[in-house]
Every structure is written in C-alpha cells, then in structure tokens.
Amino acid sequence: MKSQALRDIATTLFGDNKGLLAMDESTPTCNKRFARLGIPQTEEARRAYRELIVTTPGLGECIGGAILYDETIRQHKKDGTPFVKVLIDAGIIPGIKVDIGAKELAGYPGEKVTEGLDGLRDRLAEYFGMGARFAKWRAVIAIGGDLPSRCCIAVNANALARYAALCQEAGLVPIVEPEVLMQGNHTIESCSEVTEKVLREVFCQIHLQGVVLEEMILKPNMVLPGSDCTSQPSVEEVADATVNALLRAVPAAVPAVAFLSGGQSAELATARLNAMSVRFKSRLPWAVAFSFARAIQQPALELWKGRDENVLAAQQALYHRARCNQTARRGEYSQEMEKV
Ligand code: 13P
C-alpha cells in the first residue's frame, strides 16, 4: 500500500509537465538573499515572502510540489490558514527539506558532508503528520585541484541513501540531491566526469541500502563548466553533456529527474531544460523536469523588495517562470515567451 502511494506521489508531482518549486532556503540563506535587496531579515518578512509564493494565482497549473523548510511548514497566511493547506488546496503537494546543512568534512579541507541523520526517523514522522508527502536532502560536491576526494563522494552518497531509505519507510518520496557545484574554473568535461562518478556512487549506495528506485526522485545538477571557466558552451552542448552523463549513470526505473538551477540565470536554466526535451524526447527513460529555487524565484524576489505594493507584480513574475519551465518540459519554450 505504502509502495503504491509513493509511486502515485512521484507520478503526480510531474504530471501535465509540471515541476517542483524549491522554497526551502534555510533561514541564513534566505536572510542573505533578503539582505542583498535591502529586505529586513525577520521571521515576519520571511513569512510574508512565502505567503506571496504559495498564494500566487494559478501556480498549481505548472507546479506539482513545493519544497518547504522547517520554519515554513509551520507558518500560516496572515488570515491564519496554514501554508500546507493553501498548497494542497492549490493542487500542490507539500514537501520538506530534512537535511540540516553541509558541514566541513573532517580531514578534507574544502569539502563538505551533509548532516541530519540523527533523529531523522522521528522528524520524518512529524513532517508526515503535518502533511508532507516528499522530502529533500542535498549533498554538495566541489570541483577544483584534487577535489572531489573519493571520501567526500562516498560519505555523501552513503548519507543520501540512508536518508532515502528512512523516507520510504516513513511514506515520503525521497528527492536525492547530489549537487556538483558550479563554482570554479573547471571545464564542462570535468563536470561531466565528476557528475557521472557521483551518480554511480549514489546509485551503488541506493542499491546496497535497499532504496526502491521507482519510489524516489533524483535532483541532479546540469553538466556545466565552472562559472569562472573561460569557455562557455552553447545551450545545446549543455543539454547533450547533461543527458549523456545521466543516461550512463541513472537507472531507467527512476521515475523522474528534476534539475536544480545552481546559480544559472533563470532564462538559461529554462532554455537548457527545453533543449534537453527537444533533442532527447524519444530517448529519455525518466521524466526530465525542474526543481528550481533561484531560477524560479529570483525575478519575483527582486520585484517584491519586501513591499506590499509589489506583491502582484512579483506573483506574476513567479507564475511566468513556472509557466516557462513547464513549456520547456514540452520542448516548446522560446525567447519569444520572455517578451510578454
Ligand atoms: P537552486 O535551484 O537555487 O540551485 O536551488 C535548488 C535547491 O533546492 C538547492 O538545494
């Protein structure tokens, strides 16, 4: 029964070419983004911003699930309605980030391991009781010099699989997010090699620990050169490098692959997703979708600036990005869509 429920959730999240909206920034990350725009870094400002997001008219047409943060899943609209209820009423499945962040990896300077396994079984039970039906755990892998180390890949893959097994036991679909970071001057070839190596290790641990492939979602990075690399490839080259790496390393039984945006501009992330749909449509064993935070939210956040009078314009910008990404899943996105 649990197994069928998990499969149904994984399918529903991406039905009608929908994708996920990541709004699970931790308090420090959210505050950092607010500070850059002169928005007060208070709990009320964060609540107001998240209310703007969850009440965006029509959002459920393009978004199948929203990833919340511990603070956010407990918050309400100003009128007292819980955010979880607002989402469910809009046809959006609530999800929850359950890792507690990437911490320095002892003995491996410059590398991190994601923490949060202690007490996770109890926390998952609580989130399930609050209405969450899927979860997220993000590991980060840096490229540069001798990095990543075998140790960094191994410990993060092990933790991702432990988290995923606990989620499935608790009735939550795990989103498994091993993010190879964009920071640095590495080439696209280097990112491709590291991404493939990381994914192989993740799926090795997933197999070892008995995680059911049909009941999980992969949230990978796109294969990109480092942000400081002098040679920047075309949209089509990124699409090809990304899908080819995934085809080599991601089992076909996984129902969906939903990309993170990782610091790409909103329009580029959409164009690259679109190119993957156009060029590989008939060859993709999994749904290829989006689970963006910055690439969906950033234009809206910049318009909002913490002011009530900007809420409508910000919501329109958020809806627009969600719609563009849904269109990209169909392979029908073009620059024209940005002109309206
Ligand atoms: P970005 O799309 O901003 O990379 O965020 C995705 C995410 O959920 C990071 O964990």
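Quick note: the coordinates plus some simple rules give every number you see, no bench work behind them. Everything quoted here is computed from the prediction, not taken from an experiment. Note that we place each Cβ from the backbone using ideal geometry, even for glycine, and neighbour counts take in every protein chain shown.
Observations
- Residue match in segment 188-197 (condition: within 16 Å of the ligand (Cβ to nearest atom), in contact (Cβ under 8 Å) with a residue 12 or more places away in the chain, surrounded by 19 or more Cβ atoms within 10 Å (Cβ to Cβ) and over 25 Å from Thr230 (Cβ atoms)): no
- Only listed residue being over 27 Å from Ser3 (Cα atoms) and either surrounded by 19 or more Cβ atoms within 10 Å (Cβ to Cβ) or touching a Phe, Trp or Tyr at 6+ places or on another chain (Cβ under 7 Å) (or both), chosen from Val243, Val211, Val250, Val254: Val243
- Restricting attention to segment 289-322, the residues being farther than 18 Å from Ile67 by Cα and either in a helix (DSSP H, G or I) or within 16 Å of the ligand (Cβ to nearest atom) (or both) number 14.
- Of all residues in segment 227-248 being out of contact with any Lys or Arg (no Cβ under 9 Å at 6 or more places or on another chain) and closer than 19 Å to Glu177 by Cα, the one that is farthest from the ligand (Cβ to nearest atom): Asn244
- Selection status of Pro251, more than 16 Å from the ligand (Cβ to nearest atom) and in contact with a Lys or Arg (Cβ under 8 Å, 6 or more places away or on another chain): no
- Consider segment 63-94 and keep the residues that are assigned to a strand (DSSP E or B) and either within 23 Å of Thr327 (Cβ to Cβ) or aliphatic (A, V, I, L, M) (or both). The one that is nearest to the ligand (Cβ to nearest atom) is Ile67.
- Of the residues making up segment 299-340, those that are surrounded by 14 or more Cβ atoms within 10 Å (Cβ to Cβ) and of a type in the set (S, T, N, Q) are Asn310, Gln315, Gln316, Asn325, Gln326, Thr327.
- Single unsatisfied condition, Ser3 versus (1) away from the ligand (no atom under 16 Å from the Cβ); (2) buried (at least 18 other Cβ atoms within 10 Å of the Cβ): (2)
- Segment 214-240, subset among the aliphatic types (A, V, I, L, M) and buried (at least 18 other Cβ atoms within 10 Å of the Cβ), residue farthest from Ser334 (Cα to Cα): Met216
- Scanning segment 144-183 for residues that are within 16 Å of the ligand (Cβ to nearest atom) and either farther than 15 Å from Lys97 by Cα or of a type in the set (Gly, Ala, Ser) (or both) returns Asn156, Ala159, Ala164, Val180, Leu181, Met182, Gln183.
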